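Engineer: The structure follows.
Taken together, the values in this text are just the output of simple stated rules run on the coordinates, not laboratory data. On a predicted model such as this, the values are computed, not experimentally measured, just so you know. Positions of Cβ are backbone-derived with ideal geometry, glycine not excepted, and every protein chain shown enters the neighbour counts.
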């Protein structure tokens, strides 16, 4: 058994254009900008670039179901495929010791111009098709079986996005109270028994079955009847019932699997990229801030008795216990079964403790934790073990935060959910943002969080 990924009818057009664009862009730059002689090496680089890009684009999913995908996501996939392509071309040139035969300025300009053109033509094509469909052309009429939460959500999405090229003609539902009524502006055409006859007469192009999983027998009967028609039938499982709206489809030797609690960071490639990001950025930052850390260490030592570094037990990746480093900012070093959170004007602050915490300077030693591999630059902020044990009983999915390494900064922090969690709602909101990061991780998201942290993540009114 194998579930095939839906793809657009323009896939082969995209593949052909993607194949030739790198070559023609390279030739255009060489001829009209640099006026350099075209030798075989440039021809090979342009042709190889096209083939490698198409292969990379196929691997990252650029050609899959692009009609309903947000354009920003399509842009990310194109850029990701081109980065892979560029990396492979650099490796090939290095292995063949042939890099000196190419103009560096020309190749860099080619590397920048090509993805811009690849993205630009996609945007143009999407705008043309969207306009055409908004005029009522090139659309498919669809019907929905099941006027429940899933069916209504689907109808609303289609109605708000006419550029997708779909038009909902109506619902089919066995609830007699819905007969001759309109739901989200869409009429109920009849009961499920009527679906077969309407499909056979060609009343709609596609049929979406949005029945709950408990209606298994009804779904089977309907599917058996529809085998005698030429209607395209699609099934949308009721993800609302089991809180699976963030779940992802995976494939195990042709067996479709719903990945309920998972993260993109589980792949080997993502882990390698994340680790490289952590090593490079933390090394650079530690090099730059080392003089400041020495000054802060001296300040902590001379202003209050006790160690310079406070090592607090926290939960790390997969809930494993780790020791997180911080400049000591309090006179006490709570690390047991009960840990009191810092509050505004806390009497436990050292003379410079409040300043360190307000500016997040107390967390600078955690870049050492990143080099050790116990933490990441970006990820859910680690909480004291005592707080973890408390909130895992109170906040649903709390421990899902530990599917990834804890971070120095995170999506919750740059959105204002840092500092004291004096109410359960605050912790729930922090967990919500942490899970959003885990479910939607990408290298670009990490970069965005790091940049935003520079502007609004260090100093915060909630930090004390």
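Engineer: Between residue 304 and residue 269, what's the calculated FRET efficiency when r is the beta-carbon distance and R0 is 45 Å? Round to 0.05.
Structural biologist: 0.45
Engineer: Say each of residue 355 and residue 181 gets a label point 7 Å from the Cα, pointing the same way as Cα to Cβ; how far apart are those two points in nm?
Structural biologist: 6.6
Engineer: Distance in nm between label sites at residue 280 and residue 440, each 7 Å beyond Cα in the beta-carbon direction?
Structural biologist: Roughly 2.4 nm, to one decimal.
Engineer: Return the ratio Rg/(2.2 N^0.38 Å) for region 266-456, where Rg is computed over Cα atoms only.
Structural biologist: 1.00
Engineer: At 0.36 nm per residue, and after removing the present C-alpha to C-alpha distance, how many nm does the segment from residue 213 to residue 95 gain when stretched out fully?
Structural biologist: Full extension of this stretch gives 37.0 nm more.
Engineer: A further question on this structure: At 37 °C and 0.692 mPa s, what whole-number value in µm²/s does Stokes-Einstein give for the translational diffusion of region 149-233, with Rh from the Kirkwood sum over Cα pairs?
Structural biologist: For the chosen part, D equals 242 µm²/s.
Engineer: Moving on. Using R₀ = 45 Å, calculate the FRET efficiency as 1/(1 + (r/R₀)^6) where r is the Cβ-Cβ separation of residue 121 and residue 224; round to 0.05.
Structural biologist: FRET efficiency, residue 121 to residue 224: 0.55.
Engineer: Based on the Cα gyration tensor of region 158-203, what are the three equivalent ellipsoid semi-axes, each the root of five times an eigenvalue, rounded to whole Å and given largest first?
Structural biologist: 20, 16, 6
Engineer: Something else about it: Scaled to the compact-protein estimate 2.2 N^0.38 Å, what is the alpha-carbon radius of gyration of region 396-447, rounded to two decimal places?
Structural biologist: The reported ratio for this selection is 1.09.
Engineer: Which order results if 446, 40, 238 are arranged by neighbouring Cβ count within 10 Å, fewest first?
Structural biologist: 40, 238, 446
Engineer: Then there's this: Taking the alpha-carbon centroid of each part, what is the distance from region 187-227 to region 352-418 in angstrom?
Structural biologist: Centre-to-centre (Cα) distance: 50 Å.
Engineer: Something else: Report the full-extension gain for the segment residue 33 to residue 20: residue separation times 0.36 nm, less the Cα-Cα distance, to one decimal in nm.
Structural biologist: In short, 2.7 nm is gained.
Engineer: Further question on the same structure: Can you give the FRET efficiency to the nearest 0.05 for residue 191 and residue 426, using r as the Cβ-Cβ distance and R₀ = 51 Å?
Structural biologist: With a Förster radius of 51 Å, E is 0.60.
Engineer: Oh, and also: If packing is taken as the mean number of other Cβ atoms within 10 Å per residue, what is the order of 263-276, 79-92, highest first?
Structural biologist: The most tightly packed comes first, giving 79-92, 263-276.
Engineer: Order these by the 10 Å Cβ neighbour count, fewest first: 233, 78.
Structural biologist: With the sparsest Cβ surroundings first, the list reads 233, 78.
Engineer: Of 389, 363, how do they rank once you tally other Cβ atoms within 10 Å and put the fewest first?
Structural biologist: Ascending number of Cβ neighbours within 10 Å: 389, 363.
Engineer: Projected area of region 357-451, taken from the Cα convex hull and averaged over every viewing direction, in nm²?
Structural biologist: Hull-based average projected area comes out at 6.1 nm².
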